[in-house]
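The values are calculated or read from the model by the stated rules, or taken from the named source; none is laboratory data. Not measured: the values here are computed from a predicted model. Cβ atoms come from the backbone with ideal geometry, glycine included; neighbour counts cover every protein chain shown. The protein model used for the area step is the full one, side chains on, heavy atoms only, and it has no ligands, DNA or RNA in it. Shrake-Rupley method; radii C 1.70, N 1.55, O 1.52, S 1.80 Å.
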Amino acid sequence: MISAPPRARLGPRLRSVLQLCPVEGPVADIGSGHGRLAHELAGRLPAGRVFATEVRPGPVGELRRLLGEATPVTILEGWGLRPLAGLGCRGAVIAGMGGRTIAAILEADPALVAEMAWICLQPMQRVEWLTDWIRRQSDWSVRRTVTMERGHVYHAFRLDRR
Ligand SMILES: C[S@@+](CC[C@H](N)C(=O)[O-])C[C@H]1O[C@@H](n2cnc3c(N)ncnc32)[C@H](O)[C@@H]1O
């Protein structure tokens with residue numbers, strides 16, 4: 001297990017997402033931000049099995065700095081699922097964005113979504129945009145969890161290919 005510095009520990013929201021994720025890679029954390037979830041995922045999988053993406057050079061540089069040089073996480077730049085083309089990821093996590101953005105990411109690249117065996121989704125607001133997308137899918141089984149953090153309610157979804 002890779003030991004995380006104390007400031008990198010997960011709060012209840014991201015812990016609930018981590019608990020939803022199967023211990024199975026390769027997996028990508030889309031819009032990884034501070035990289036805490038990717039770091040924890042990497043602690044459960046062999047090296048080279050975790051990717052973390054950010055959408056622009058600035059956040060990519062910050063993610064690289066926070067994860068440090070020795071990280072086993074592969075950092076990628078690009079919009080939504082697009083950096084995953086050709087990587088053969090079995091799973092993806094999209095957490096900490098609005099439901100509308102997450103739904104747009106999933107709708108934009110159906111071929112990349114189709115490559116996934118599982119997806120974990122955690123919208124910060126506008127959950128209904130995401131539940132609308134989920135309702136239109138027939139080939140996923142869906143599990144939903146609800147967590148409280150600092151007085152806010154957070155929904156998380158795990159989708160598994162039927
Ligand atoms: C609030 S942070 C969430 C960080 C972390 N995933 C979490 O749940 O705590 C949202 C991140 O998503 C990134 N982001 C927003 N839109 C994106 C997109 N279309 N593709 C990839 N990353 C995106 C932002 O740059 C930002 O770092």
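I need the chymotrypsin sites (Phe, Trp or Tyr not before Pro) found in segment 54-135, filtered to DSSP loop residues with at most 16 other beta carbons within 10 Å of theirs.
Those satisfying the criteria are Trp79.
Over the chain, average the accessible area per residue using a 1.4 Å probe and give it in Å², no decimals.
50
Based solely on C-alpha atoms, express the radius of gyration and the Dmax of segment 109-152 in angstrom.
Gyration radius and largest Cα-Cα distance of segment 109-152: 12.4, 38 Å.
What's the ranking of 47-56, 64-73, 102-111 by average number of surrounding C-beta atoms within 10 Å, highest first?
Per-residue mean Cβ counts within 10 Å order the peptides as 47-56, 102-111, 64-73.
Just the number, please: percent antiparallel of the DSSP beta bridges in the chain, rounded to the nearest 5.
45
Percent of accessible area on the chain owned by carbon and sulfur, 1.4 Å probe?
The nonpolar share, carbon plus sulfur, comes to 51 percent.
Express the Stokes-Einstein translational diffusion coefficient of segment 6-161 in µm² s⁻¹, to the nearest whole number, given a Kirkwood radius over alpha-carbon pairs, 20 °C and a viscosity of 1.002 mPa s.
139
Which whole-number percent of Cα pairs in segment 53-131 have a distance greater than 22 Å?
27
With only Lys, Arg, Asp and Glu charged, each at its Cβ (+1 for the first two, -1 for the last two), find how big the charge dipole of the chain is about the Cα centre; round to the nearest 20 debye.
420
Can you tell me which of 94-100, 40-46 comes out highest on packing, and rank the rest after it, using the mean Cβ neighbours within 10 Å?
94-100, 40-46
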